[in-house]
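One structure below.
The values are calculated or read from the model by the stated rules, or taken from the named source; none is laboratory data. From a predicted model like this one, the values you see are computed outputs, not experimental measurements. Every residue, glycine as well, gets a Cβ built from its backbone with ideal geometry; the counts of neighbours run over all protein chains shown.
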Amino acid sequence: MTNKRADAARRSSLGRTGPALPDAGALEFFARVAAAESFAAAARELGQTRAAVSRRVAQIEAQLGTPLFARHTRAVGLTEAGRRLLARARFVLEAAEAARRTLRTRASGLTGTLRVTTVPVFGQTVLGPLLAAFQAHHPDLQVELRFTARRVDLLREDIDLAFRITERPPEDCIAQPVLRFAVGAYAAPGFKPKLRHPQDLARARCLVFGAAAEAQTLRWHHEPSGEHAAVELRPCMSADDLGTLQAAARAGGGVVFTPDFAVRDDLARGTLVNALPGWRLPIPEGDTVQALTLPLAVAPEAARALVRFVADSLRH
């Protein structure tokens, strides 16, 4: 074959001698973007950002070695190569939709295994009881719950749903806020010294999550007045488990800094009280628990159903 003929064969990117087609997931993604006729509309339908959609399209085009979309200001159109690929991609999309329809919820409820991960404090105090109620509606659904505070890659680690305290969710996930909270200072009733201002924490026994037992500065915010207060203190105890610190606080061992949802039952029973009413401790992760799932096209129905159940339950 001459060089000219070889070049022509390489340019025919969707021909028999061209590069291998993308996998089924990429073909389905391409078909959905093509049907939406714009990256912005596709992003809304897929539950992703426009930038994430654009990057995925660019990756598919790079794999094929040819443009699939002709970009315009407000919309995108298919190139000749894109139109030829769409004919194949539609078969993949239709097959995927048919498969999902057979797996979706029937009158008998959800089935299979749902893999969920969460930070321990939310899982132990909030999510656990909600999972029990959710499974009462879907007795054939098995749940695998994993506690970890580290960032989890849902796709690579085969996780269906993650509950995380974050204000910067991953771009490749759908994030839905399910609970707003505030971190406060809590102690056993009658704990001494009585606290009137965050500065009083400097002379109190403090139970601190995560940090080493060394001097540190905490910056408090007073909601009603907008006042800020920076307090340097040395914890009398630090641990990577808030449940242990709360148990120490209930026993009169000190003041624990914890999310309000984690001490709801203690406040109701009177075993802990808010030691600094009106004051909260902002944390770098933010003040929202978010439910993270993969895009709608691949997230299992059970994961989406659990997110709706948790969000509705906490809203009420």
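So is LEU195 in a loop (DSSP other than H, G, I, E, B) and out of contact with any helix residue (DSSP H, G or I) (no Cβ under 6 Å at 6 or more places or on another chain) or not? Give the derivation first.
Values: in a loop (DSSP other than H, G, I, E, B): yes; out of contact with any helix residue (DSSP H, G or I) (no Cβ under 6 Å at 6 or more places or on another chain): yes.
It is true that LEU195 is in a loop (DSSP other than H, G, I, E, B) and out of contact with any helix residue (DSSP H, G or I) (no Cβ under 6 Å at 6 or more places or on another chain).
For region 214-316, please list each of the helices (runs of 4 or more DSSP H) lying entirely inside it that holds at least 1 residues being more than 22 Å from the chain's Cα centre (by Cα) and in contact (Cβ under 8 Å) with a residue 40 or more places away in the chain.
The helices (runs of 4 or more DSSP H) meeting that bar are 242-250, 264-269.
Looking only at region 198-213, which residues are in a helix (DSSP H, G or I) and surrounded by 15 or more Cβ atoms within 10 Å (Cβ to Cβ)?
Keep residues of region 198-213 that are in a helix (DSSP H, G or I), which gives 198-203.
Correct list: PRO198, ASP200, LEU201.
Conditions tested, residue by residue: (1) crowded, with 16+ Cβ neighbours inside 10 Å; (2) of a type in the set (A, V, I, L, M); (3) out of contact with any Lys or Arg (no Cβ under 6 Å at 6 or more places or on another chain).
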residue: ARG269; (1), (2), (3): no, no, yes
residue: ALA275; (1), (2), (3): yes, yes, yes
residue: VAL289; (1), (2), (3): yes, yes, yes
residue: THR293; (1), (2), (3): yes, no, yes
residue: ALA299; (1), (2), (3): yes, yes, yes
residue: ALA302; (1), (2), (3): yes, yes, yes
residue: VAL307; (1), (2), (3): yes, yes, yes
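Within region 114-144, the set of residues being more than 15 Å from VAL310 (Cα to Cα) and either in a strand (DSSP E or B) or in the same structural domain as PHE209 (by TED's automatic domain parsing) (or both) comprises ARG115, LEU141, GLN142, GLU144. Checked against (1) modelled with pLDDT under 95; (2) under 10 Å from the mean Cα position of the chain (by Cα); (3) in a strand (DSSP E or B), PHE163 passes all but a single condition, namely (1).
Residue under question is GLU94, and the condition is that it be over 23 Å from TRP220 (Cβ atoms), of a type in the set (D, E, K, R) and assigned by TED's automatic domain parsing to the domain that holds ALA26; does it hold? Explain how you work it out, then say what you get.
Details: over 23 Å from TRP220 (Cβ atoms): yes; of a type in the set (D, E, K, R): yes; assigned by TED's automatic domain parsing to the domain that holds ALA26: yes.
Yes; evaluated as a whole, the condition is true for this residue.
When residues in region 44-53 are screened for being surrounded by 18 or more Cβ atoms within 10 Å (Cβ to Cβ) and either closer than 16 Å to HIS72 by Cα or not assigned by TED's automatic domain parsing to the domain that holds LEU93 (or both), 1 of them pass. Checked against the criterion of being at pLDDT below 90 and touching an Asp or Glu at 6+ places or on another chain (Cβ under 7 Å), the candidates ALA75, ALA95 yield just one match: ALA75. Taking first residues from region 31-52 that are on the phi < 0 side of the Ramachandran plot and partners that are assigned to a helix (DSSP H, G or I) and polar (S, T, N, Q), the Cβ contacts under 9 Å between residues at least 6 apart in sequence or on separate chains come to PHE39/SER54; ALA43/SER54.
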